[in-house]
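The next block holds one structure in the form of structure tokens; read it before the comments.
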Amino acid sequence: MTEFEVAISRATQPWKKNGRIQKIVLFGSYARSDWVDQPLNGYQSDFDLLVIVSHPKLTDTAEYWHVADDKIDRDPSIERQVNFIVHTMDEVNQGLNRGEYFWVDIARDGIALYEIPGSTFTLPKPLTPVDALEMATAYFESWSAKVRSGLKLAAYALSEGELNDAAFLLHQATERTYICFLLVRTHYFPRSHNIKFLRSFPEGKEPRLIRAWPREAKLDRRRFELLKRAYVEARYSASYEIGIEDLEAIRERVHALQELVDLVCQERLEVLREKARHDIGGNSRGA
């Protein structure tokens, strides 16, 4: 909140000068009380925060939130990853009106850490089982194709010796895989290219995905960090270097992630199909 005040302190435009944080909500595993705290095994649940602001332009992370994000990341007293997403109340309420699972879960389980009077969520309007199935199926088909394309292009770049391009494309394949999962499961994904940030949401929903990225060994953690940095540095930094051995190991982990996501998404779709069949059967009998 302090850094936000600094970011808007010299504003002249009314929307910015009068900008406010309206609500801060803790969600995810710490709100549900099912977090994991196993630092010796290399895994601790993240803190997930939703910040509600008064104007859409104030959601721009690079403009208003990068200093706060950096300070939180460097604060030794926190001792774990903190992820925060920034939206307006209208965006959240629109998601609730559409019955999007991500927002429905936050409205149900989230804990308000700060809020001003009147900053209440609208009542969710659940999707029908048939609509939920149609949306999830479309997301899965579309994003699975994008994942396969990313992996195909990464393999070609690697075969041509274009190592930095291969690293970037593996980053993109990873990003797309997590987006695929999140859209099938929640109908939402955060606007971020930080795969460490993107990784935290799916793993909080589906612990089996943790297996895709081993954390116990320093080498495994270093390789994930190389992949994380590839989004910017593999394209623009002359100092970014990655070897074939690291790339092959990373590609193996991305394929493992793809297989896990495919499995859990197929399971999710089957659950939705069963609910849709049951709903259609019940409506038919009622008619």
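The values are calculated or read from the model by the stated rules, or taken from the named source; none is laboratory data. What you are looking at is a predicted structure, and each value in this text was computed from that prediction instead of being measured. Ideal geometry is used to build each Cβ from the backbone, glycine not excepted, and the neighbour counts take in all protein chains shown.
For the range 222-250, which residues satisfy the criterion of being small (Gly, Ala, Ser), surrounded by fewer than 18 Cβ atoms within 10 Å (Cβ to Cβ) and in a helix (DSSP H, G or I)?
Residue satisfying the conditions is Ala249 alone.
In this structure, does Gly19 turn out to be more than 20 Å from the chain's Cα centre (by Cα), at pLDDT 90 or above and either of a type in the set (Ser, Thr, Tyr) or not assigned by TED's automatic domain parsing to the domain that holds Arg185 (or both)?
When the stated conditions are applied, Gly19 passes them.
Quick check on my filter: what residues within the range 112-134 are surrounded by 19 or more Cβ atoms within 10 Å (Cβ to Cβ) and part of a helix (DSSP H, G or I)? Lay out the reasoning, then the answer.
First pass over the range 112-134, keeping only residues surrounded by 19 or more Cβ atoms within 10 Å (Cβ to Cβ): 121, 124, 127, 129, 132-133.
Passing the criteria: Pro129, Ala132, Leu133.
Name the single residue, out of those in the range 212-221 being farther than 15 Å from Glu252 by Cβ and either under 18 Å from the mean Cα position of the chain (by Cα) or touching a residue at least 12 places away in the same chain (Cβ under 8 Å) (or both), that is surrounded by the fewest Cβ atoms within 10 Å (Cβ to Cβ).
Glu216
When residues of the range 136-191 are filtered for being within 28 Å of Leu272 (Cα to Cα) and not in a helix (DSSP H, G or I), how many remain?
5
Write out, first by first residue and then by second, each pair whose Cβ atoms fall under 9 Å of each other, whose residues are 6+ apart or on separate chains, and whose first residue, in the range 147-168, is more than 10 Å from Ala230 (Cβ to Cβ) and modelled with pLDDT of 95 or more while the second is among the basic types (Lys, Arg) and assigned to a helix (DSSP H, G or I).
Within 9 Å, the pairs are Val147/Arg176; Ser149/Arg176; Gly150/Arg176; Leu151/Arg251; Ala154/Arg251; Ala155/Arg251; Leu158/Arg251.
Determine if the range 248-261 includes at least one residue that is within 19 Å of the chain's Cα centre (by Cα) and farther than 19 Å from Gly150 by Cβ.
For the range 248-261, residues within 19 Å of the chain's Cα centre (by Cα) and farther than 19 Å from Gly150 by Cβ: absent.
Within the group Ala145, Ala155, Ala138, Ala166, which residue is over 30 Å from Leu26 (Cβ atoms), surrounded by fewer than 21 Cβ atoms within 10 Å (Cβ to Cβ), over 22 Å from the mean Cα position of the chain (by Cα) and among the aliphatic types (A, V, I, L, M)?
Ala155
So how many residues does the range 187-206 have that are surrounded by 21 or more Cβ atoms within 10 Å (Cβ to Cβ) and polar (S, T, N, Q)?
The qualifying residues number 1.
Can His171 be described as buried (at least 18 other Cβ atoms within 10 Å of the Cβ), in contact (Cβ under 8 Å) with a residue 12 or more places away in the chain, not assigned by TED's automatic domain parsing to the domain that holds Gly95 and not acidic (Asp, Glu)?
For His171, the condition - buried (at least 18 other Cβ atoms within 10 Å of the Cβ), in contact (Cβ under 8 Å) with a residue 12 or more places away in the chain, not assigned by TED's automatic domain parsing to the domain that holds Gly95 and not acidic (Asp, Glu) - is met.
Could you figure out which of (1) surrounded by fewer than 17 Cβ atoms within 10 Å (Cβ to Cβ); (2) free of Cβ contacts under 8 Å to residues at least 40 places away in the same chain; (3) within 26 Å of Cys180 (Cβ to Cβ) isn't true of Thr59?
Going through the list (1) surrounded by fewer than 17 Cβ atoms within 10 Å (Cβ to Cβ); (2) free of Cβ contacts under 8 Å to residues at least 40 places away in the same chain; (3) within 26 Å of Cys180 (Cβ to Cβ), Thr59 breaks only (1).
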